[in-house]
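Okay, structure first, notes after.
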Amino acid sequence: MKILAASDLHSDRLASEKLAEKAKKNKVDMVLLGGDIIEWGGNIEGIIGPFKKANIPVMMVHGNHDSPSDIDFLSAQYGEEVYNLHSYYREFDNFVVFGVGGTDFSPFSLSDKEMMSKLKKDFSKFKGKTKILLTHEPPFNTKLDNIGWDHVGSAKLREFIINYKPDLVLTGHIHETFGLTDYIGKTKIMNLGKKGAIIEL
């Protein structure tokens, strides 16, 4: 299985087209988008369409510049094989992708107790499978949330990673650290950005 994961398109149609070309070139099986897919009030045209045209399934969560309803709208507009993954999961043969959108300081945030409780419950169902967590905000105190003078990531997410040990966490949000990778224990964490990354499972 081959995945193209990216984040923070901010209604950049050209970036979406480039990602779709990268997906086709690398023959990926799915695309994961980690929030801020559209900008508040920004144009939604041509953001998901290039992936749909290439017949590549898309799973996504919202960030802090878009909302769950924005992602629901995109999913409804493009129909089958385009999913809002926020507070849900999709199971495959040897792995599961879980989705958590937002940030600690935005509506529908990572600190929502009910949502985090659901995530913990869902995680417990899939022993033995590779667990991928698609988020927008990176965890606190890593290379990915360091903006030079402070760490600004989610303490709640860091606590979850320590306790539940997902295999891979895919994030965005902090533009200064796009493309970086770090670890919490054995959990690999990647800050994606609009250039994206190819992941093979």
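The values are calculated or read from the model by the stated rules, or taken from the named source; none is laboratory data. A quick note: this is a predicted structure, and the numbers were derived from the prediction, not measured. Positions of Cβ are backbone-derived with ideal geometry, glycine not excepted, and every protein chain shown enters the neighbour counts.
Of everything in segment 67-94, what is closer than 18 Å to THR171 by Cα and either assigned to a helix (DSSP H, G or I) or hydrophobic (A, V, I, L, M, F, W, C) (or both)? Give them in sequence order. First the steps, then the outcome.
Restricting attention to segment 67-94, the residues satisfying the condition of being closer than 18 Å to THR171 by Cα are 67-68, 71, 83-90.
Of everything in segment 67-94, those that are closer than 18 Å to THR171 by Cα and either assigned to a helix (DSSP H, G or I) or hydrophobic (A, V, I, L, M, F, W, C) (or both) turn out to be PRO68, ILE71, LEU85.
From PHE178, PHE160, grab the single residue that is among the aromatic types (Phe, Trp, Tyr), modelled with pLDDT under 95 and buried (at least 16 other Cβ atoms within 10 Å of the Cβ).
Numbers: PHE178 fails: modelled with pLDDT under 95.
Exactly one of PHE178, PHE160 is among the aromatic types (Phe, Trp, Tyr), modelled with pLDDT under 95 and buried (at least 16 other Cβ atoms within 10 Å of the Cβ), namely PHE160.
Evaluated against (1) on the phi < 0 side of the Ramachandran plot; (2) modelled with pLDDT under 90; (3) exposed (fewer than 15 other Cβ atoms within 10 Å of the Cβ), LYS118 falls short on exactly one condition, (3). The set of residues in segment 88-110 that are of a type in the set (Ser, Thr, Tyr) and either crowded, with 23+ Cβ neighbours inside 10 Å or over 25 Å from GLY179 (Cα atoms) (or both) comprises TYR88, THR103. Scanning segment 40-49 finds no residues that are part of a loop (DSSP other than H, G, I, E, B), at pLDDT 95 or above, farther than 27 Å from MET115 by Cα and not basic (Lys, Arg).
Every residue, every condition in (1) without any contact (Cβ under 8 Å) to a residue 40 or more places away in the chain; (2) farther than 19 Å from ASP112 by Cα; (3) not in a loop (DSSP other than H, G, I, E, B), yes or no:
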| site | (1), (2), (3) |
| --- | --- |
| GLY128 | yes, yes, no |
| LYS131 | yes, yes, yes |
| LEU134 | no, no, yes |
| ASN141 | yes, yes, no |
| TRP149 | yes, yes, no |
| PHE160 | no, no, yes |
| VAL169 | yes, no, yes |
| HIS173 | no, no, no |
| ASP182 | no, yes, yes |
